[in-house]
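Read through the structure below, which is laid out as structure tokens, and then see the notes.
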Amino acid sequence: MTNRFAVIGLGQFGESIARTLADRGAEVLAIDIDLDKVESLKDDVAYAVALDSTDVKALKAQNIQDMDAVVVAIGENFEGLLLTTVLLLELEVKRVIARAANSQQRMILEKMGIDEILSPEETVGKTVAEMLLHPNMRSFLPLPDDYEIVEINTPSRVVDQTISEIGLREKYNLNLITVKRFFEEKKGNEIQKVEHIIGVPRADTFLKETDIMIILGKSQDVNKFIEVNK
């Protein structure tokens with residue numbers, strides 16, 4: 001059964017969500033008050049509609065209450081985001097996910113009873129800061145309780161060592177989720193380097209210089225591992 005989602009607010013963030021959902025086979029209703037934004041997306045999603053999301057009759061006309069989830073991704077008009085969110089709650093939409101640009105907006109949405117809140121600016125800001133502080137880091141996902149999942153280039157001091165020899169758990173209190181590794185594959189007449197996941201790493205797996213390690217642990221432990229072995 002096809003998942004049915006609505007995305008309200010087609011700025012860069014909302015548009016990306018709508019396109020990704022559609023690419024994954026979901027039925028997407030994309031909504032914005034700006035006709036140009038709707039027109040640019042109409043060929044890539046199931047439905048794209050220009051309407052004022054603070055108009056409850058307009059929302060009902062799109063059967064918004066029947067969606068599996070609605071993402072309110074309005075970025076520049078927080079009053080419009082709040083009004084839209086209130087209407088969705090009143091229409092008893094099964095799942096409402098709202099965007100918050102800062103901690104004040106997040107607090108307001110939480111007090112309204114919204115459990116799922118997206119903060120793209122905050123997440124991107126933390127990711128960029130971590131990557132600036134640690135050039136070896138490729139991506140960064142913050143988790144509760146000071147934990148994080150990071151992708152890092154294999155530090156030079158652990159290249160050609162096995163996972164057992166590195167002692168990630170024993171020395172650094174870290175878990176290696178998996179490793180991304182590049183393999184040469186023939187594409188037509190060309191040999192290209194293609195990235196693959198090697199699965200669950202074994203203790204005797206050797207790490208190569210071009211490997212990318214995906215690690216879970218506390219921030220201070222991740223930083224220690226990067227600094228000690230760079």
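The values are calculated or read from the model by the stated rules, or taken from the named source; none is laboratory data. These numbers come from a predicted model, not from an experiment. Positions of Cβ are backbone-derived with ideal geometry, glycine not excepted, and every protein chain shown enters the neighbour counts. Areas reflect the complete protein model, heavy atoms only, side chains present, ligands, DNA and RNA absent. Shrake-Rupley method; radii C 1.70, N 1.55, O 1.52, S 1.80 Å.
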* Asked: Just for the stretch 6-29: of the residues that are touching a Leu at 6+ places or on another chain (Cβ under 9 Å) and in a strand (DSSP E or B), which one is most open to solvent (accessible area, probe 1.4 Å)?
  -> Glu27
* To do: Among residues belonging to the stretch 113-134 that are in a helix (DSSP H, G or I) and over 29 Å from Leu82 (Cα atoms), point out the one that is farthest from the chain's Cα centre (by Cα).
  => Leu133
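Here is a yes/no grid of residues against (1) touching a strand residue (DSSP E or B) at 6+ places or on another chain (Cβ under 7 Å); (2) hydrophobic (A, V, I, L, M, F, W, C); (3) over 26 Å from Glu122 (Cα atoms):
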residue	(1), (2), (3)
Ile31	yes, yes, no
Val49	yes, yes, yes
Ala58	no, yes, yes
Gln62	yes, no, yes
* Structure fact -> Val86 passes all but one of the listed conditions (1) within 13 Å of Gly9 (Cβ to Cβ); (2) modelled with pLDDT of 95 or more; (3) not basic (Lys, Arg); the exception is number (1)
* Asked: If you check Asp52, Asp115, which single one turns out to be at pLDDT 95 or above, open to solvent by 20 Å² or more (accessible area, probe 1.4 Å), more than 30 Å from Thr154 (Cα to Cα) and not polar (S, T, N, Q)?
  -> Asp52
* Asked: Which one is least open to solvent (accessible area, probe 1.4 Å), of the residues in the stretch 89-112 that are part of a helix (DSSP H, G or I) and touching a Ser or Thr at 6+ places or on another chain (Cβ under 9 Å)?
  -> Leu109
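In the stretch 30-44, how many are assigned to a helix (DSSP H, G or I), of a type in the set (A, V, I, L, M, F, W, C) and in contact with an Asp or Glu (Cβ under 8 Å, 6 or more places away or on another chain)? It would help to see each step written out before you state the result.
The first filter runs over the stretch 30-44 and keeps only residues assigned to a helix (DSSP H, G or I), leaving 35-41.
In the following step, the residues that additionally are of a type in the set (A, V, I, L, M, F, W, C) were identified as 35, 38, 41.
Keeping just the survivors that are in contact with an Asp or Glu (Cβ under 8 Å, 6 or more places away or on another chain) gives 38, 41.
Result for the stretch 30-44: 2.
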* Among residues belonging to the stretch 199-216 that are in a loop (DSSP other than H, G, I, E, B) and of a type in the set (Val, Ile, Thr), point out the one that is surrounded by the most Cβ atoms within 10 Å (Cβ to Cβ). => Thr205
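Only one of these is aliphatic (A, V, I, L, M), closer than 16 Å to Arg181 by Cα and within 14 Å of the chain's Cα centre (by Cα): Val150, Val159. Name it. Steps first, please.
Numbers: Val159 fails: within 14 Å of the chain's Cα centre (by Cα).
Answer to the check: Val150.
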* Across the stretch 75-88, what is the total count of residues that are within 21 Å of Phe5 (Cα to Cα) and either open to solvent by 30 Å² or more (accessible area, probe 1.4 Å) or touching a Leu at 6+ places or on another chain (Cβ under 9 Å) (or both)? -> 9
* Looking at the stretch 57-74, which of its residues are under 25 Å from Ala101 (Cα atoms) and surrounded by fewer than 17 Cβ atoms within 10 Å (Cβ to Cβ)? -> Asp68
* From (1) surrounded by 11 or more Cβ atoms within 10 Å (Cβ to Cβ); (2) of a type in the set (D, E, K, R); (3) free of Cβ contacts under 8 Å to residues at least 40 places away in the same chain; (4) closer than 20 Å to Val71 by Cβ, pick out the condition that doesn't hold for Glu130. => (4)
* Asked: Quick one: what pairs do we get from the stretch 179-193, first residue farther than 28 Å from Ile152 by Cβ, second surrounded by 11 or more Cβ atoms within 10 Å (Cβ to Cβ) and of a type in the set (S, T, N, Q), C-beta under 9 Å, 6+ apart or different chains?
  -> Lys186/Gln192
* Given (1) touching a residue at least 24 places away in the same chain (Cβ under 8 Å); (2) farther than 28 Å from Leu143 by Cα, index of the condition Ile74 fails -> (2)
